[in-house]
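Structure, as C-alpha cells:
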Amino acid sequence: DAKTTQPTSMDCAEGRAANLPCNHSTISGNEYVYWYRQIHSQGPQYIIHGLKNNETNEMASLIITEDRKSSTLILPHATLRDTAVYYCIVSPDTGRRALTFGSGTRLQVQP
Amino acid sequence: DVKVTQSSRYLVKRTGEKVFLECVQDMDHENMFWYRQDPGLGLRLIYFSYDVKMKEKGDIPEGYSVSREKKERFSLILESASTNQTSMYLCASTGGDRGRETQYFGPGTRLLVL
C-alpha cells in the first residue's frame, strides 16, 4: 500500500472547520483514500473514503486532488468531541487487508 | 449502525493464565480481524477470518489462537498469557459494497498481564 504523510498535530477552534491534509504521492490507480480516527482509549472509527471524486457524509467531507497525490479531510464544525488522532490510509480495499496506521495527526479542538 | 462489541473493556490476568477475548458483530459480516495496538508500534494484525471455521495468521500470531464457530463471533485466545501480551486488543469486521468495504472496530480490550 502507498505511504502517507500527515502533520503530527493541529489545533482548531471549536465551531470552526478543521482541515486535515494528507500526502500520498505514490498512490496507485486502484487505491482508495480512507480516513479513520481514534479517540483516546477507544477503538478506531471509520470516517470516510473515496477513490477520485470528493465525498461527503454526515461526519466529514473528503477532497481529493485531481492528480490524487493528496487529500484533505474536512470536519465542517469541529466540536470538543472531535479531539482525536486522525489517520489517512491508502489501500486497494480494506475488506480483506489489514489496516496499517501511520502516526496520524493529533487534532486538538480548543474551546 | 454497525455494531462490533468486545466482551471486556479492561482485563487483568496473571502470567500463565488462559485468556479469552470475545468479539461479536451484528451485521452479518464475513471478514473479522484481531489486532493489537501498542505505543510506537501502531496496529499489528494477529489473526483474521474470512468465514466460519476459517482463519489466517496475521503478522504476529505467536502465542495466540482464534476460534470462529459462528459467523458473528470471533474469539482470540491467549494460551498462556505473558507480560509482553499486555496491550490494547482491537477486533474489527468488514462490511460494505464489494470494492468499498470498510473496517468497523470494537471499543477495544485493554489487557494487563501481571
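Any read-out appearing in this document is the output of simple, stated calculations on the displayed coordinates, not a laboratory observation. Predicted model, so just to flag it, every value in this text is computed and none were measured. All Cβ positions, glycine included, derive from the backbone under ideal geometry; neighbour counts span all protein chains shown.
Structure notes:
- Rounded if a/c under 1.5, otherwise prolate or oblate - chain A, Cα gyration tensor axes: prolate
- Note on A:38-45: average number of Cβ atoms from other chains within 10 Å of each residue's Cβ is 6.
- Legend: calculated FRET efficiency, A:N57 to B:K13, from the Cβ-Cβ distance at R0 = 45 Å, rounded to 0.05, equals 0.70.
- Among B:F20, B:T83, B:L45 - extreme Cα towards positive end, dipole of chain B, charges at beta-carbon: B:T83
- Just so you know, the averaged projected area of the alpha carbon convex hull for the protein assembly as shown sits at 12.1 nm².
- Taking every residue in A:97-104 and counting other chain Cβ atoms within 10 Å of its Cβ, the average works out to 5.
- Burial ordering of A:C12, B:C23, fewest other beta-carbon atoms within 10 Å first: A:C12, B:C23
- Residue order, fewest to most beta carbons within 10 Å, for B:R9, A:R97, B:R36, A:R81: A:R81, B:R9, A:R97, B:R36
- Nearby lysines by direct alpha-carbon distance to B:K3 (threshold 17 angstrom, same-chain neighbours under 8 apart not counted): B:K70, B:K71
- Amide H within-cut-off set for A:R16, under 5 Å, with H built and near neighbours excluded: A:A78
- Overall form of the range B:46-95 per C-alpha gyration tensor (a/c, 1.5; a/b vs b/c): prolate
- Test item: Cα-centred dipole of the range A:11-95, Lys/Arg +1 and Asp/Glu -1 on Cβ, debye: 60
- Cβ crowding within 10 Å, taken as a proxy for footprinting-reagent exposure, orders B:M27, B:M54 from fewest neighbours to most as B:M54, B:M27.
- Free-standing Cys, chain A [no other Cys Cβ under 4.7 Å]: A:C12
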